[in-house]
Structures are given as structure tokens and as C-alpha cells.
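Okay, structure first, notes after.
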Amino acid sequence: MYQYIKRFFDFILALLVVIILTPLLIPLIIGLKLTGEGHIFYSQKRIGYKRKYFNIWKFATMLKDSPNIGTGSITLRNDPRITPMGGFLRKTKLNELPQVFNVLKGDVSIVGPRPLVDKTFNAYSKEVQEVIYNVKPGITGIGSIVFRDEEGLFEQKTEGQDPHEFYKKIIAPYKGALEIWYQKNQSFYTDFMIIFLTAWVILFSKSELHYKVFKDLPKRNF
């Protein structure tokens with residue numbers, strides 16, 4: 001029953017976002033068309049519910065060939081592959097807005113684990129891989145909040161290290177633990193607070209309020 005009600009509210013909220021934010025979407029589309037490579041939308045195959053693939057939509061923030069340049073699937077702060085307007089969109093999370101159409105279609109929920117590409121998904125342990133997408137992936141989630149500045153974290157922690165190894169050995173295990181926590185604590189309250197905290201950390205990027213709201217979150221060891 002929870003999943004059916006959640007789907008109903010996902011659809012209504014996504015529809016409201018489309019209606020309310022259309023005046024914002026139009027100038028963003030124009031701005032993207034006139035800057036960088038003139039690339040507006042970015043589509044990529046991601047892993048979704050029950051590990052079935054779907055195409056996710058975002059505003060384009062990086063060079064078209066970025067997966068084959070530099071650090072590949074890992075983006076660093078001040079990454080030279082990020083377009084001039086892309087940096088602003090990524091910082092404000094406005095690049096995620098087109099995913100409301102994925103919500104309307106039913107590919108993703110508002111709240112859930114982030115839908116990943118194969119390479120980052122494979123960094124999870126087998127135990128996490130088997131259960132993480134027993135729920136629909138989401139536009140935001142507890143992992144998105146804790147790792148809202150993942151690009152900066154790479155910059156701080158990977159000097160002289162391979163960022164892919166850092167992700168596999170340090171970030172992926174903790175992200176996996178966070179997503180297991182979410183599945184064990186799913187509720188309308190949890191989802192509502194995750195939506196609130198997503199907005200909160202956009203405004204207050206250094207905040208650790210989520211650890212006070214959810215006192216039983218797995219603790220960071222880095």
C-alpha cells in the first residue's frame with residue numbers, strides 16, 4: 001500500500017513542479033543552447049527498479065564526450081569538462097530538474113537511491129547490489145544529501161590517489177550502508193524529511209542536520 005500511495009504523491013508533485021517551474025525551465029534551456037556546446041539535455045542509461053535499465057534525463061552540464069575524457073565517470077570540483085553554465089546548474093542541483101519527467105513516467109521516485117551506471121553500481125558489494133533497487137531509485141535520497149559535495153570530497157581526499165579506487169574502497173561502502181538504512185526506515189516521514197533536508201543542504205552546504213534528524217544513520221569514517 002505504501003508504494004502505491006508514494007507513486008500517487010510522486011506523480012502529483014512532479015506534475016506541480018512541471019507546471020510551477022516551466023517559467024524557469026525555459027530560460028535555462030535558452031541559456032544552455034547559447035553556451036558551452038549548445039547541448040540542452042543529457043540522457044544516459046541507468047539501473048532502475050529491480051535492476052532494469054532506463055534512460056535518465058538531466059540538463060547537460062558537461063562536454064558531450066566527457067565519459068571518455070579525464071576521470072571518466074567521476075566528476076571533480078572545477079572539473080574542466082564542466083561547461084560554464086553547468087557549474088551553476090550542478091551547484092544548485094537544477095541540472096536534476098528534467099528528471100521530473102522520469103517521475104511522471106514511473107522510472108524513478110522523488111526519494112530513493114540514486115540510479116547508477118554499471119561502473120559505479122559494480123563498486124557496491126554483492127550484498128548491496130542484490131537489494132538496493134528493491135525500491136525505485138530517486139531524484140534525491142539520503143546518499144544524495146550526505147554526498148551533496150562529492151566533487152569537493154574527491155578534491156580533498158584523493159590528492160595523489162586514483163579517484164576510482166577512493167570511490168570503490170571508501171565512498172561506495174558508505175553509500176551502500178546509507179541505502180540499506182533507507183530501505184529499513186522507509187516511511188512518509190522519512191521521505192518528507194529527506195525532501196526537506198535536500199533543500200536545506202542546498203542552502204546550507206556545510207550543514208550536518210541530517211545526522212541530528214536521523215540519529216541512527218551509519219556514521220562516516222572518513
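The values are calculated or read from the model by the stated rules, or taken from the named source; none is laboratory data. Predicted, not measured: the structure shown is a model, and the values here were computed from it. Note: ideal-geometry Cβ built from the backbone for every residue, glycine included; neighbour counts use all protein chains shown.
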Item to check | Selected residue [buried (at least 21 other Cβ atoms within 10 Å of the Cβ) and not in a helix (DSSP H, G or I)] from Lys136, Lys206 | outcome: Lys136
Item to check | Checking Lys219 against (1) over 13 Å from the mean Cα position of the chain (by Cα); (2) in a helix (DSSP H, G or I), the condition it does not meet | outcome: (2)
Checklist entry - Among the residues of the range 20-41, is any in a strand (DSSP E or B), touching a residue at least 24 places away in the same chain (Cβ under 8 Å) and not β-branched (Val, Ile, Thr)? => result yes
Checklist outcome for this item: Residue pairs within 6 Å by beta carbon, gap of at least six or interchain, first lying in the range 104-131 and small (Gly, Ala, Ser), second in a loop (DSSP other than H, G, I, E, B), listed first then second, are Ser109/Lys136; Gly112/Val135; Gly112/Lys136; Gly112/Pro137; Gly112/Gly141
Checklist outcome for this item: Of Val135, Val117, Val111, Val131, the only residue that is out of contact with any Leu (no Cβ under 6 Å at 6 or more places or on another chain) and more than 24 Å from Lys58 (Cα to Cα) is Val131
Item to check | Flag if Asp10 is outside any helix (DSSP H, G or I) and either at pLDDT 90 or above or within 19 Å of the chain's Cα centre (by Cα) (or both) | outcome: no
Item to check | Top-ranked residue in the range 163-187 [being without any contact (Cβ under 8 Å) to a residue 40 or more places away in the chain, closer than 27 Å to Ile5 by Cβ and assigned to a helix (DSSP H, G or I); ranked as nearest to the chain's Cα centre (by Cα)] | outcome: Trp181
Checklist entry - Scanning the range 79-95 for residues that are touching a residue at least 24 places away in the same chain (Cβ under 8 Å), under 22 Å from Thr140 (Cβ atoms) and not in a helix (DSSP H, G or I), which turns out nearest to the chain's Cα centre (by Cα)? => result Lys93
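Quick grid of which residues meet (1) hydroxyl-bearing (Ser, Thr, Tyr); (2) on the phi < 0 side of the Ramachandran plot; (3) at pLDDT 90 or above:
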position	(1), (2), (3)
Ser125	yes, yes, yes
Asn134	no, yes, yes
Ser144	yes, yes, yes
Asp149	no, yes, no
Lys157	no, yes, no
Item to check | Odd one out for Ala123 among (1) of a type in the set (A, V, I, L, M); (2) surrounded by fewer than 22 Cβ atoms within 10 Å (Cβ to Cβ); (3) part of a helix (DSSP H, G or I) | outcome: (3)
Next on the checklist: If I filter the range 89-118 down to residues being farther than 25 Å from Lys6 by Cα and modelled with pLDDT under 90, which single residue comes out as surrounded by the fewest Cβ atoms within 10 Å (Cβ to Cβ)?
Outcome noted: Thr92
Checklist entry - So which pairs qualify, if the first residue must be in the range 197-212 and of a type in the set (S, T, N, Q), the second must be surrounded by fewer than 16 Cβ atoms within 10 Å (Cβ to Cβ), the Cβ gap must be under 7 Å, and the two must be at least 6 apart or on different chains? => result Ser205/Asp149
Item to check | Unique residue being farther than 21 Å from Lys93 by Cα and touching a Leu at 6+ places or on another chain (Cβ under 7 Å) when the list is Trp181, Trp200 | outcome: Trp181
